[in-house]
Amino acid sequence: MTTRTTTLITNIPTLVTNDPALGEGPLGLIEDAAVVIEGDTVAWVGRAGEAPDADHRHDAEGHAAIPGFVDSHSHLVFAGDRTQEFNARMSGQAYKAGGIRTTVAATRAATDEQLSANVGRYIGEALRQGTTTFETKSGYGLTVADEARALRIAAQHTDEVTYLGAHIVSPDYADDPAGYVELVTGEMLDACAPYARWVDVFCEKGAFDGDQARAVLLAGKAKGLTPRVHANQLSYGPGVQLAVELDAASADHCTHLTDADVDALASGRTVATLLPGAEFSTRAQWPDARRLLDAGVTVALSTDCNPGSSFTSSMPFCVALAVRDMGMTPDEAVWAATAGGAAALRRTDVGRIAPGARADLALLDAPSHVHLAYRPGVPLISDVWRQGVKCR
């Protein structure tokens, strides 16, 4: 029988476990803490003075520890950028969903090697900032071959892969949106489903209406994919209600919500994933996180990393925005960026530091997790473990 190497991380002034049974409050905070990693799993957490022996020892040097961030919404398989569009928007032009077409053209022209290198670059960027679990989507190919290769490339980098053929109506079908929906729910889905865990749709004016979105999500479910929905970002619409009705794992954006939308989210399992990088980058209305939390909705935070409306891979940046502009407390924002993201991916093995969980954690160059919002823009991530391996 092979024994796995153990590592004791000690001298942690504040440890966020996200397990109330292990410590104080919803974050399960433990002061003067230690963690034991065995292989790729957390084996023990508690007070440093009670820690068991281990094969190796790492001195956290007074740095707080949090679970690795869980980024449950990103669009990393793309080529090119949209600097000119961003510059124009910051000069007064409005954001519109149609800008995606620019990235579609660049992505179709890129090689597999270029696309894979881009994904690796942005995942590496995020990892250095404490993100240890990544979801990413297709959606910049919009042909059968290009969507399938996007998902194949994504699956080389993460297990959390989402089919988003229904990002916008392909330029090739500009005059036949019904024909494109037929493609997305038929031949394209057949080619893409083997690489994906999730199916997503941009339910929004300028993209897909409620009936079209329903058709896409039901077809995906029939192929064994679990729904997620880009919902209510630019305007009020049916996306949130559809997400809850179909038991989608998440409704993402949730900027424009009626009371009925909030009630629906509070009554179901669907997580409201808020993406403050998008509002920051488009000067749009901020989602009202306080309204959702007070109603009992499970809230996640994510980067929405994409070249058009949120070109950031930084979860600490999103935590700071959520606290400053969306009504969240520092504790709520850190929970949403870790355990909330795990809930949005229906995962119990990540987003927490507890026995049996995957050994994903980040040490902060600070004594408390509150510094993530207190010191915005400062590179506070000092060390990262992913699956028990120290990455930086």
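Filter the range 349-392 down to the residues that are touching a Gly at 6+ places or on another chain (Cβ under 7 Å) and open to solvent by 50 Å² or more (accessible area, probe 1.4 Å) and list them by number.
Correct list: Pro367, Arg386.
When both residues are 6+ apart or on different chains and their Cβ atoms are under 6 Å apart, which pairs have a first residue that lies in the range 302-329 and is closer than 14 Å to Glu279 by Cβ, and a second that is open to solvent by less than 10 Å² (accessible area, probe 1.4 Å) and β-branched (Val, Ile, Thr)?
Ser302/Thr273; Thr312/Thr303; Cys318/Thr303
Do we find that Asp252 is surrounded by fewer than 20 Cβ atoms within 10 Å (Cβ to Cβ), of a type in the set (D, E, K, R) and modelled with pLDDT of 95 or more in this structure?
Taking the combined requirement at face value, the residue does not satisfy it.
All but one of (1) more than 21 Å from the chain's Cα centre (by Cα); (2) within 30 Å of Leu364 (Cβ to Cβ); (3) open to solvent by 10 Å² or more (accessible area, probe 1.4 Å) hold for Gly124; state the number of the condition that does not hold.
Every condition holds for Gly124 apart from (1).
Given the structure, is Arg152 part of a helix (DSSP H, G or I), modelled with pLDDT of 95 or more, within 23 Å of Ala207 (Cα to Cα) and open to solvent by 10 Å² or more (accessible area, probe 1.4 Å)?
No: the conditions fail for Arg152.
What residue, of Ala215, Ala284, is assigned to a helix (DSSP H, G or I) and at negative phi?
On inspection, the qualifying residue turns out to be Ala215.
Condition check ((1) within 13 Å of the chain's Cα centre (by Cα); (2) β-branched (Val, Ile, Thr)) across all residues:
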| position | (1), (2) |
| --- | --- |
| Glu279 | no, no |
| Arg283 | no, no |
| Asn306 | yes, no |
| Pro316 | yes, no |
| Arg324 | no, no |
| Thr329 | no, yes |
| Glu332 | no, no |
| Arg346 | yes, no |
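It is to be established whether one or more residues within the range 26-43 are over 26 Å from the mean Cα position of the chain (by Cα), over 15 Å from Gly356 (Cα atoms) and part of a loop (DSSP other than H, G, I, E, B).
Checked against the condition, which is being over 26 Å from the mean Cα position of the chain (by Cα), over 15 Å from Gly356 (Cα atoms) and part of a loop (DSSP other than H, G, I, E, B), the range 26-43 yields no hits at all.
Any idea which residue in the range 184-211 is least open to solvent (accessible area, probe 1.4 Å), counting only those that are more than 17 Å from Glu147 (Cβ to Cβ) and assigned to a helix (DSSP H, G or I)?
Among those residues, the one meeting the criterion is Gly210.
Across the range 250-281, what is the number of residues that are in a loop (DSSP other than H, G, I, E, B) and out of contact with any strand residue (DSSP E or B) (no Cβ under 9 Å at 6 or more places or on another chain)?
Final tally of qualifying residues: 4.
Quick check on Asp32: is it among the charged types (D, E, K, R), under 27 Å from Leu301 (Cα atoms) and surrounded by fewer than 18 Cβ atoms within 10 Å (Cβ to Cβ)?
Considered against the rule, which asks whether it is among the charged types (D, E, K, R), under 27 Å from Leu301 (Cα atoms) and surrounded by fewer than 18 Cβ atoms within 10 Å (Cβ to Cβ), Asp32 comes out as no.
Write out, first by first residue and then by second, each pair whose Cβ atoms fall under 7 Å of each other, whose residues are 6+ apart or on separate chains, and whose first residue, in the range 109-132, is at positive phi while the second is open to solvent by less than 20 Å² (accessible area, probe 1.4 Å).
Gly130/Gly68; Gly130/Phe69; Gly130/Met315; Gly130/Ala362; Gly130/Ile381; Gly130/Val384
The values are calculated or read from the model by the stated rules, or taken from the named source; none is laboratory data. It should be emphasised that the depicted structure is a prediction, and the values quoted were computed from it without experimental measurement. Cβ coordinates were reconstructed from backbone atoms using ideal geometry, including for glycine residues, and neighbour counts include every protein chain displayed. Each accessible area value is taken on the protein alone, full model and side chains, heavy atoms only, with ligands, DNA and RNA left out. Shrake-Rupley method; radii C 1.70, N 1.55, O 1.52, S 1.80 Å.
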